[in-house]
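Below: the structure, in structure tokens.
The values are calculated or read from the model by the stated rules, or taken from the named source; none is laboratory data. Note that the coordinates shown come from a computational prediction; the quantities given were computed from them, not determined experimentally. Glycine gets a Cβ as well: all are built from the backbone with ideal geometry, and neighbour counts include every protein chain shown. What goes into the accessible areas is simple: the full protein's heavy atoms, side chains included, and nothing from ligands, DNA or RNA. Shrake-Rupley method; radii C 1.70, N 1.55, O 1.52, S 1.80 Å.
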Amino acid sequence: MKCLVTGGNVKVLGKAVHSLSRIGDELYLEPLEDGLSLRTVNSSRSAYACFLFAPLFFQLYQAATPGQDPLRCKILMKSFLSVFRSLVMLEKTVEKCCISLNGRSSRLVVQLHCKYGVRKTHNLSFQDCESLQAVFDPASCPYLLRAPAKLLGEAVLPFPPALAEVTLGIGHGRRVILRSYQEEEADSTIKAMVTEMSIGQEDFQQLQAEEGVAITFCLKEFRGLLSFAESANLSLSIHFDAPGRPAIFAIKDSLLDGHFVLATLSEPTPNSQDLHFPEPCQPAPQRQAHSTPQPDDFASDDIDSYMIAMETTVGSESSRTLPSGSLSPGLQPPCSSEGEEDEAEAELSTVPGTPPPKKFRSLFFGSILAPAHSPLGPSPVLAEDSEGEG
Amino acid sequence: MPLVGQRVPDDGGCSLVASLDNVRNLSTVLKAIHFRDHATCFATKNGIKVTVENAKCVQANAFIQAGIFQEFKVQEEPVTFRINLTVLLDCLSIFGSSPTPGNLTALRMCYQGYGCPLMLFLEEGGVVTVCKINTQEPEETLDFDFCSTNVINKIILQSEGLREAFSELDMTSEVLQITMSPEKPYFRLSTFGNAGSSHLDYPKDSDLMESFNCNETQVNRYKISLLKPSTKALVLSCKVSIRTDNRGFLSLQYMIRNEDGQICFVEYYCCPDEEVPDSES
């Protein structure tokens, strides 16, 4: 593989790497016929991101050495990021950037041609890897929001930097509401500041969702994509479904597209009921009592519905085309009684080293750890998990 | 003069007296070599040389020539003492280290001789601070015996071109390898870190290159941890001269222009790390 990036596109590439670095520790670089793909997934596999740079993005793009199969590789995000660390420098001094992947030297070579004839060559060690591919389909999501990234970027600006999750929903009068998410822990009363931004629907290029719909997702990753999209002056589409189903954040222009798939909180977002009335959340226990008996609550406990299924096998087109939902029947527990959920949770609490209970994550790990939930054995996700180390 | 009327000890008993209208002209240069706590000072009638060393492998010298000072007197030559540089710098910036326009800190410095403290009188806006810093037994400093007649390769670069390179050095690499050659790659900085190797090449006809004088190919390695502190001098300087001698010793000379447009020099010497294996990329 060999590609050459020139001028302002070097910074665009750098920006993309910066936003990917907010998600994962490893970068999957895959030269495809329709462009260079950069992908990453976070360690808990609740967030996946991919950028695809079209061949036209490059001055020169060669997916594979003629007569050879294209190589793909996995490198440490940190080492790739260090090449593009200073965006100011990229803009000011770098004239072109040449990336080449050569099987013989087993190095990913990134060359920066800078002002004054200075040339930086980074020979990065890499690992062979399987293709990283999340199974997602924006078309299957019933709801869609589309707005200029700048609008959304300004909307998330007031949220505290330490805030983990944010709730996005449609409120009264079809206003789009972004609200800081409160954890339902006992001490949440102490840090009881809720920040809420409300944006009129006329600011959106597209708004396909009814009032009361809401999802909660991680803010850090969202900010990462927003800062990229803002700098490229693009619109951001948010495709989403019921709480617990992954939300897909997409950007696209003629030279590149980007997709971030983020897990959303699986409980029915309490805020969704509140969106009409900007009042503080109801006390937590009450909410849980309401939420447990809902029939679809347990369905969302199924691993594939809220976790992104990673496909690891290269050639198996069958599983790639398989919609993620189709795995559910097999994985679904025989009955979704309240008792069983308690049991699952009890089991979870006995597992040593399980992260502290945050609904979002505990459900996530619970699905992996509690055997009752995966009678069919390892899902594609688990397979990748076990071999994806090192 | 701002210090007129202040009670300052008699010059008569001092082996070193120096005064300066803008203390930053001294503190900036001292910061460029501040990578260890202690420094040895030598004063002659030409000026003051301050030396900092580490690991018996690297030495940094700052030269503040007599002309930088408004007043500079040395009674007996040479005046030598060791001092805590961190404390000295703290005292020199006692009125704040960032410049406030139109508000200069003036300095008068006295050293009465062996065993006496270094006295600093700092004045800003009519406020005077007196600092006494204990001096210590001077230590013998290293003699790198770096003689210009033994210099094999010499390059003068605009500091701008190296600044970024040094600030972004891959610190997971143990060494910085410097290649100087009359042929390609002319001047190359290489690191070999966890993530892989990287090379930074400067062509000899680059606009950053003020002079290029390389006679034979030399590839030497220096401990990156020893060279990294020279970034402080690099950041302040406008030009840097890079020289290696026949033993592979490295000399880095930084030209620093102070706020009054005067030139000072800071110099780093470093010994090479080890013999370089022949087949190295």
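Expressed as a whole percentage, what fraction of the accessible surface of the range B:151-270 belongs to carbon and sulfur atoms when a 1.4 Å probe is rolled over the protein heavy atoms?
Roughly 47 percent of what the probe reaches on the range B:151-270 is carbon or sulfur.
So if R0 is 22 Å, what FRET efficiency would B:T172 and A:S106 give, r being the distance between their Cβ atoms, rounded to the nearest 0.05?
0.70
What residues qualify as long-range amide H neighbours of B:T105, i.e. H under 5 Å apart, gap of 5 or more or another chain, H built at 1.01 Å from N?
Close amide H contacts, sequence-distant or interchain: B:V23, B:R24.
Does the range B:150-194 classify as rounded, prolate or oblate by the C-alpha gyration tensor (a ≥ b ≥ c root eigenvalues; a/c under 1.5 gives rounded; else a/b over b/c gives prolate, otherwise oblate)?
Because a/c hits 1.5 or more and a/b fails to exceed b/c, the range B:150-194 counts as oblate.
List the residues of the range B:195-212 for which accessible area in the full set of protein chains is at least 10 Å² lower than for the chain on its own; 1.4 Å probe, protein heavy atoms only.
At a threshold of 10 Å² (probe 1.4 Å), the residues of the range B:195-212 that become less exposed are B:A195, B:G196, B:S197, B:S198, B:H199, B:L200, B:D201, B:Y202, B:P203, B:S206, B:D207, B:L208.
To the nearest 100 Å², how much accessible surface do chains B and A hide from each other in total, with a 1.4 Å probe?
1300 Å²
Could you work out how far apart the two model spin labels at A:R174 and B:V130 are, taking each label as a point 7 Å from the Cα in the direction of the beta carbon, and quote it in nm?
For the pair A:R174/B:V130, the computed spacing is 8.1 nm.
Could you look at the range A:2-128 and say what percent of its accessible area is carbon and sulfur, using a 1.4 Å probe and all protein chains?
Carbon with sulfur: 48 percent of the solvent-accessible area.
Under 15 Å from a point placed 7 Å out from the Cα of B:E160 along the Cα-to-Cβ direction: which residues of the range A:72-89 have their backbone N that close?
Residues passing the 15 Å test: A:89.
Taking only the alpha-carbon atoms of the range A:2-128, what semi-axes of the equivalent ellipsoid follow from 5 times the gyration tensor eigenvalues under a square root, in whole Å, largest first?
Square roots of five times the eigenvalues give 21, 19, 14 Å.
Out of residues 5 or more away from A:F126 or on other chains, whose amide H comes under 5 Å of its own, with H placed 1.01 Å from N in the peptide plane?
A:L108
Of all alpha-carbon pairs in the range B:158-281, indicate the percentage at a distance above 20 angstrom.
That tail contains 42 percent of the Cα-Cα pairs.
Show me the three semi-axes of the equivalent ellipsoid for the range B:16-136, from the C-alpha gyration tensor (sqrt of 5 times each eigenvalue), largest first, rounded to whole Å.
For the range B:16-136, the ellipsoid semi-axes come out as 22, 17, 14 Å.
Ignoring ligands, DNA and RNA, what accessible area per residue does chain B give at 1.4 Å, in Å²?
On a per-residue basis, 45 Å².
If you average 1/r across every pair of different Cα atoms in the range B:93-204 and take the reciprocal, what Kirkwood value do you get, in Å?
Across the range B:93-204, the inverse of the average 1/r is 19.4 Å.
Assuming 1.567 mPa s and 4 °C, estimate D for chain B with Stokes-Einstein, Rh taken as the Kirkwood radius over Cα pairs, in µm²/s.
64 µm²/s
In the range A:101-121, what residues drop by 30 Å² or more of accessible area when the other protein chains are put back, versus the chain on its own? Use 1.4 Å, and skip ligands and nucleic acids.
For the range A:101-121, once contacts with the other chains are taken into account, A:Y116, A:V118, A:R119, A:K120, A:T121 lose 30 Å² or more.
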